[in-house]
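The next block holds one structure in the form of C-alpha cells; read it before the comments.
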Amino acid sequence: MTVAGEMRQYQVVGRKAATDENPNPEAYRMIIFAPNPVTAKSKFWYFMRQFRKMKKTTGEILDCVEIVEKNSRIVKNYGIWLRYDSRSGTHNMYREYRDLKLTGAISQLYDEMAGRHRTRPRSIQIIRTATIGAGELKRPNGSQFAA
C-alpha cells in the first residue's frame, strides 16, 4: 500500500457469512485509515485474521463508508498511538500532530515515519487517535503553539 495523497477514514462493517447453524452472526466494526475503500476492506480482513478466526473467504463486508469531519476550519492537536515493525522488531509509539483534520494528521504520521524510521505504510498499525487539549500535550514541539 502506498500513500497516494491524503489518507481517508473509513468505517468498515463485516461479519462471518451466514450458515444454517448460525443464520445471524455477530458483526464487527472498525475505523480504518486508507487511501481508498479497496485498501480499507483489505486492511479490515488483515485485522480480522489477526483478532478473530475469520477470513475473506468465510466472511462478508456489510458496509464501507467514508467518515468526513464536520468542522475542519479549526487547527486541533491530535495524539496518535501506533505500532510499527522495524528491522529490529515491533515498537509501540505515541506521536502528536497539529492539523485541521484527523486524516491530515494521519498523512503527516505516515510521511514522518517513512522519513525518520524508514517504515513502510504496510507495517504501521494505528491503535488509537484522540483530540488533545493544549494542556494535555506531552511533546514540546506541539506545546509551543498552545497559548
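Any read-out appearing in this document is the output of simple, stated calculations on the displayed coordinates, not a laboratory observation. Please read all numbers here as calculations on a predicted model, not as lab measurements. Reconstructed Cβ throughout: ideal geometry from the backbone, glycine too, with neighbour counts over all protein chains shown.
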What are the chymotrypsin sites (Phe, Trp or Tyr not before Pro) within segment 36-96 that DSSP puts in a loop, where the Cβ has at most 16 other Cβ atoms within 10 Å? none
Note: ASN22 to PHE47 extended length (0.36 nm per residue) minus current alpha-carbon separation gives 6.8 nm
Compare ALA40, ALA134, ALA105 in a GNM of the chain, Cα atoms joined below 10 Å, and give the one with the largest fluctuation. ALA134
Sites matching GluC sites (Glu not before Pro) across segment 48-87 that sit in DSSP coil, with at most 16 neighbouring C-beta atoms within 10 Å: GLU69
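So between GLU136 and LEU62, what do we pick up on full extension, going 0.36 nm a residue minus the alpha carbon distance?
Details: separation 74, 0.36 × 74 = 26.64 nm, distance 3.76 nm.
Additional length available on full extension: 22.9 nm.
Can you give me the relative contact order of segment 1-143 as a percent, contacts being Cα pairs under 8 Å and 6 or more apart?
25
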Work out how much length HIS91 to SER72 would gain on full extension: take 0.36 nm times their residue separation and subtract the Cα-Cα distance, in nm to one decimal. 3.7 nm
Using the basic label-point model (7 angstrom from Cα toward the beta carbon), what is the ARG118 to LYS55 distance in nanometres? 3.4
Along principal axes, largest first, the alpha-carbon spread of the chain in whole Å comes out as 61, 40, 27
For q = 0.11, 0.13, 0.21 Å⁻¹, Debye-computed log10 I/I(0) when each Cα of segment 81-147 counts as one equal scatterer: -0.28, -0.38, -0.92
With angles folded into 0 to 90 degrees, how steeply does helix 37-51 sit against the dominant principal axis of the chain? Use alpha carbons for both and round to 10. 80
Using Cα atoms only, what is the angle between the long axis of helix 102-117 and the major principal axis of the chain, expressed in degrees (0 to 90) to the nearest 10? 80
